[in-house]
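The values are calculated or read from the model by the stated rules, or taken from the named source; none is laboratory data. Source: prediction; values computed, not measured. Neighbour counts run over all protein chains shown; Cβ positions are idealised from the backbone, glycine included.
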Amino acid sequence: MNGFKCLALLGVAGICFTASTFKTQAQVTVNIGAEPACPYGYYDYAPYDCSPTGYYGPEWFTGGVFIGAGPWFHGPSTFHGNVDNHFDPQQGYKGSVPKRGDKAETPKNGGKAPTEFKGNEVRDGRGNTGDAKH
């Protein structure tokens with residue numbers, strides 16, 4: 001008889017625990033908003049502020065349009081492009097940067113794109129530094 005009471009008590013306890021469980025959502029959706037409108041691109045880390053001209057190399061632009069960085073990156077998964085991190089606030093840069101929605105300045109060399117870019121770091125568009133050989 002004691003065995004039956006113990007089994008019945010365990011059964012009631014199991015029903016109580018099962019009835020009191022809460023359902024939770026396994027998926028979380030985060031809305032990151034619209035991609036920043038920056039004339040020379042934006043840094044690949046939050047808060048995704050606009051970067052100055054000279055930060056990104058020419059491979060980051062297609063037809064004069066920035067291919068993106070961070071959550072809005074539009075390049076292939078194997079993409080690696082040069083940056084000049086002297087223009088990065090995380091590296092100590094304190095110079096001017098354009099504001100969101102600003103238009104690019106007309107180059108002083110008659111509208112031609114700069115022919116020489118001096119990058120010192122390779123990035124993948126998602127904030128990771130890497131090797132240009134990848």
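In this structure, is G63 small (G, A, S), exposed (fewer than 14 other Cβ atoms within 10 Å of the Cβ) and modelled with pLDDT of 90 or more? Here the answer is no, as G63 does not meet what is asked. So for segment 96-104 (the condition being modelled with pLDDT of 90 or more, assigned to a loop (DSSP other than H, G, I, E, B) and on the phi > 0 side of the Ramachandran plot), does at least one residue qualify? Yes, segment 96-104 contains a residue that is modelled with pLDDT of 90 or more, assigned to a loop (DSSP other than H, G, I, E, B) and on the phi > 0 side of the Ramachandran plot. Quick one: in segment 40-59, of everything that is within 17 Å of the chain's Cα centre (by Cα) and in contact (Cβ under 8 Å) with a residue 60 or more places away in the chain, which residue is surrounded by the most Cβ atoms within 10 Å (Cβ to Cβ)? Top of the filtered list is D44. Remark: P52 matches the filter, which requires a residue to be closer than 20 Å to K103 by Cα and assigned to a loop (DSSP other than H, G, I, E, B). Remark: F22 falls outside the filter, which requires a residue to be at pLDDT below 90, outside any loop (DSSP other than H, G, I, E, B) and over 20 Å from G125 (Cβ atoms). When G110, G125 are checked against the criterion of being modelled with pLDDT under 90, crowded, with 17+ Cβ neighbours inside 10 Å and within 19 Å of P39 (Cβ to Cβ), G125 stands alone in meeting it.
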